[in-house]
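Novice: Questions regarding the structure given below will be posed in turn.
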Amino acid sequence: MRSTDRSDGALDTSAHHVLETRGIEPVPDSERHAKTRELLPTWIAANITVLLLTMGAALAVSYGLNFWQALTVGLAAPVVSYGLVGLVGIAGKRGGAPGLTLSRAVFGQRGNLLPGSLIWIARWGWETINAVTGSYALLAILNVLFGIRSSTFLIVATLLAFVVATFAISGLGISAVRTCSTWATWLFGGFSLLVLGHLVADTDWGRVFGRPAGPTSLMITGVGLIAAGGISWAPSAPDFTRYLPRTASPAAIVRNSVVGAGIVVLPLILMGAVMADSTPDLASAADPVSFVGTILPLWIAVPYLLIALVGMLLINAMSMYSAGFTAQTLGIKVSRHRAVAVNAVISLVLGGVLMLVATSFMGSFIAFLSLLAVTFSAWVGVFGADMLRREEYDAGALLDTTRTSAYWYRGGFSPAAVAAWALGLGSGLLFSTSDWFTGPLASNNPVGEYGLGWVATVAVSFLLYAVLPKPAVAPVAQSAKGSAAMAV
């Protein structure tokens, strides 16, 4: 008897109900009613974070870039990173399943546990950063409005409140995420106009435009730094496109991903770079949220802190939503919302450690981003190369974790995919530099000097998988076509 790992037995699995009960099993064609335009607010919401302001300030202060170089970074980073996100998202409408579940077809049922486990652990770090930033926003609101100062008890309480709110959104599922993303898009637009008006009136533009240009190498490094956050969404991209019909336009998927991210990334990077001219400490603030709140007038600071809080809630909700699928793909036999709860507890614990123990939030964040890009890029390279040869996925084989699966390959592993992933990951780490880790080849060469370890990772894993011998793509069973979800 074939063993499958369908996550739950709920009868109502439609994404259009308040609670999404569908787990990793592929979405049938009858439930694919999403529109590609819905990806626009999704990726807008995924980038509404004050950390982009501090990273824009870091481009000016730490990297020495001028306004036009920051503009170039702000344009290039979302095109590069969310171009990859959009391309990977095409697999979602082909297979109707989460990204890490579709990855079983590439790496094999057992082989997929290797990149899946690493990506899941890396996502803990991303969720921890988001939870801490959201908690800082809550603390800053309490301080600005009521004069309540931070304390250990208050740190724990605000962190707990943020994580619980995040779990409530992500636990409900894709419908709740989409609705909140749409509202956040309008809120962000209003906030941006407020800050833009303040900056236009209060900035010494002669000094801003008179700033000398920084090294080209640091401008390229800046693109990689900003792009790292976007690349981390690539394995999750199919999670947000799986409800699209098979006829959805691939070009529209990529376009809405890039434009949605760019609408947020570019102005926030530029605002951070401009604000750093008068407040350079923004680039290294231990608590970047409350710091920005204190340098803005009250009528801007309050809505700013509120939108920062909403943005971080949505980013973390989207991350936990995907992490729940990853946990199920790794074999944790719980429903999707319970799998989300596991990640909520982990981010609560790690967030408390970071807020109470770590001495440099921004230092920890930038070091984390540097390694995060490499971790996710190895998977992107292999999965992207496989997409060039695979137009559809066998729903039954994705869920069948036994030797009978068409995706079992050799002992549950695809040797070509696992080898390309491991060698790509190792190659990227050799050229990477961060406060936590420096590879032996990180200096005295353009790859290391320009911060292109993640590019080396994508290139090596992509090319190796393309040339290594691998099993032919098995034809999808007729019973799986037209209905991505099977009764198992």
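Novice: What part of the accessible area of segment 34-359, given as a whole %, is carbon or sulfur when the probe is 1.4 angstrom? Don't jump to the answer; show the numbers that get you there.
Specialist: Working: 7850 of 10920 Å².
Answer for segment 34-359 is 72 percent, counting heavy atoms of protein chains only.
Novice: Roughly how many Å² of Phe376 are accessible to a 1.4 Å probe, to the nearest 10?
Specialist: Number for this one is 0 Å².
Novice: Go through 70-76, 227-233, 404-410, 136-142 and give me the packing order, highest mean Cβ count within 10 Å leading. Each step should come with its number before you reach the end.
Specialist: Numbers: 70-76: 21.1, 227-233: 26.4, 404-410: 19.1, 136-142: 24.3.
By packing density, highest mean first, the sequence is 227-233, 136-142, 70-76, 404-410.
Novice: Which whole-Hz ³J(HN,Hα) couplings does segment 120-137 yield from phi under the Karplus relation 6.51 cos²θ - 1.76 cosθ + 1.60, θ = phi - 60°, glycine and proline marked x?
Specialist: Per residue, the Karplus-derived 3J(HN,Hα) values read 5, 5, 4, 5, 4, x, 5, 5, 5, 4, 5, 5, 5, 5, x, 5, 4, 5 Hz.
Novice: Taking the solvent-accessible surface of protein heavy atoms with a 1.4 Å probe, what is the per residue accessible area of segment 34-359 in Å²? Don't skip to the end; give the middle numbers.
Specialist: Numbers: 10920 Å² over 326 residues.
Heavy-atom SASA per residue in segment 34-359 reads 34 Å².
Novice: What shape does segment 71-215 take by its C-alpha gyration tensor, where a ≥ b ≥ c are the square roots of the eigenvalues and a/c under 1.5 counts as rounded, a/b above b/c as prolate, and the rest as oblate? Please list the in-between numbers first.
Specialist: Details: a/c = 2.04, a/b = 1.32, b/c = 1.54.
Note, shape of segment 71-215 comes out oblate.
Novice: With N residues in segment 378-434, what two-decimal value do you get for its Cα radius of gyration over 2.2 N^0.38 Å?
Specialist: Working: Rg = 14.1 Å, N = 57, 2.2 N^0.38 = 10.2 Å.
My calculation over the Cα atoms of segment 378-434 gives 1.38.
The values are calculated or read from the model by the stated rules, or taken from the named source; none is laboratory data. The structure presented is a predicted model; accordingly, all values stated were derived computationally and were not measured. In this analysis, Cβ positions are derived from the backbone assuming ideal geometry, glycine residues included, and neighbour counts consider all displayed protein chains. We work out accessible area using only protein heavy atoms, side chains counted, and drop any ligands, DNA or RNA first. Shrake-Rupley method; radii C 1.70, N 1.55, O 1.52, S 1.80 Å.
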